[in-house]
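The values are calculated or read from the model by the stated rules, or taken from the named source; none is laboratory data. A quick note: this is a predicted structure, and the numbers were derived from the prediction, not measured. When we count neighbours, we look across all protein chains shown, and the Cβ atoms used for this are built from the backbone with ideal geometry, even at glycine. SASA here: full protein model, heavy atoms, side chains in, ligands and nucleic acids out. Shrake-Rupley method; radii C 1.70, N 1.55, O 1.52, S 1.80 Å.
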Amino acid sequence: MLLPEPILNLINALERLPGIGPKSASRLAFYFLRADESLSSELAEALTGLKAKIAYCSECFNITEAGRELCDVCANPKRDGSIICVLEDALDVLALERTAAYQGRYHVLQGVLNPIEGIGPDDIKIRPLIDRVARGGIREVILATNPSMEGDTTAMYLQQQLRASGVNVTRLARGLPMGGDLEYADQNTLLRALQGRQQMD
Amino acid sequence: MTDPSRSFRSLRAEAIVLRHSDYGEADRLLTLYTREQGKVRAVAKGARKIASRKAGHLEPFTHVKLQLAKGRDLFIVTQAETINAFMPLRDNLTQTGRAAYVIELFDRFIPDEETANPSLFRLLAETLSRLASETVPWLALRFYEMRLLDFLGFRPQLFECANCQNEIKAEPQFFSASLGGAVCPRCGQGLPGLWPISVDALKHLRHFQRSGFREASRARPAEQTRKEIESIMQGYFTYLLERELNTPGFIKRVNAALSAQSN
């Protein structure tokens, strides 16, 4: 089957996206062909210069608009600068912001340590965090990396690195999820839930 | 329809979780070593959701009982129950590093779609459990390396010279990765790419090769011998893989950062 070059180009480009195979790519390409011109132009506009329009906050490495030194959180004087919550990536900031309960600042590592993949401390934003804590004025560092082998490895490493600074280092609690079921809980989670049980008043 | 693994839809398997990676919207793609099917890939649907009933059982280094369904090309994990989470391996960086090394070596050497090899499975499970008990971690690692080489068909020749086949005497020798064993001093003169090996290191390697873990674990090599053995084994694995392993470098970098900080 021979397709005109413009549509082939689009199919090839779409195919490179994660989770999109040749069939989905063709389906999407033909959808664009049939859909209103505005869909294509809006998408094209959104994509053009996307990377150039995005920058990383110089303080916490969260994503922000290009040309700005600080992200919204770091620039907000109402946020408590003495507490830093350490996260794996920018999407985790969104998750925490949704709780509307956290009033401190963030630090986005932009990755996680992984011994098997060979991702070491210099490959993610650990150094800037250590420096930030060393500059002083920090009361508490909350390690909120994922509760997985990689997230735990990262947390243990950070804890050791921050020990000398004398700052209070905490880790997000691990326990039973809302809507969960004790019967299906793994030993690791259940054990920590038991250890971290709380007085009911 | 000749492949017997296609004749069933679902199976129970005992597995060690080697690796996991994010897959699709909320799924995880797992690399498993199963007692029943060898190395397989399986998808754990929804394992990244916070209330997943499976996720906690499917972390790397976990020994787990699984119910697997045959998908179109990957298995799908339908149930998971931990047999041993090897919790001490998750408690500190040194332990996690050791476990990661064991898993990386295994994952790199054992090809996918390998047929079942229960003794290889047992070696992996026993090694993780020995590391978790932390009595003699260094020996557990060296013993594992030696046994793994046996299974892979790269058992180093340590009793006769790998070049002239004469008996190796109790004197400093060489080790050749390309010949796969010890080389006597006479042959060693003209051969390229040899590493010197001391009598003590060779003695310990031989001991690990022909003893069970119980006897092997009684060895108490000196610090210098340990370093020598470690670097020879590392060199041999790097030669066989034709690439560096990631974990030893990771451990080195982490230790360097930690010791720089404590000074």
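Here are the numbers for the structure shown:
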{"quantity": "DSSP-defined antiparallel bridges as percent of all bridges, the protein assembly as shown, nearest 5", "calculated": "70"}
{"quantity": "Cα point-scatterer Debye curve for region A:5-48, base-10 log of I(q)/I(0) at q = 0.16, 0.21, 0.30, 0.31 Å⁻¹", "calculated": "-0.40, -0.69, -1.14, -1.15"}
{"quantity": "Cα centroid of region B:126-149 to Cα centroid of region B:155-204, whole Å", "calculated": "25"}
{"quantity": "For chain B: lysine pairs under 19 Å (alpha-carbon distance), excluding those fewer than 8 apart on one chain", "calculated": "10"}
{"quantity": "Residues along region A:156-189 losing 30 Å² or more of accessible surface when the other protein chains are present rather than the chain by itself (probe 1.4 Å)", "calculated": "A:156, A:157, A:160, A:161, A:177, A:184, A:186, A:187, A:188"}
{"quantity": "Cα pair count fraction exceeding 40 Å, expressed as % - the protein assembly as shown", "calculated": "35"}
{"quantity": "Highest-first arrangement of B:236-247, B:29-40, A:49-60, where packing means the average Cβ count within 10 Å", "calculated": "B:29-40, B:236-247, A:49-60"}
{"quantity": "Convex hull volume per residue in cubic angstrom - Cα atoms of region B:134-262", "calculated": "130"}
{"quantity": "Accessible area in the full protein assembly, largest first, 1.4 Å probe, for B:233, B:87, A:156", "calculated": "B:87, A:156, B:233"}
{"quantity": "Cα-based convex hull, chain B, per residue volume (Å³, whole number)", "calculated": "163"}
{"quantity": "Degrees between helix A:149-163 axis and first principal axis of chain A (Cα, 0 to 90, nearest 10)", "calculated": "50"}
{"quantity": "Between helix B:199-210 and chain B: long-axis angle, C-alpha atoms, 0 to 90°, nearest 10", "calculated": "40"}
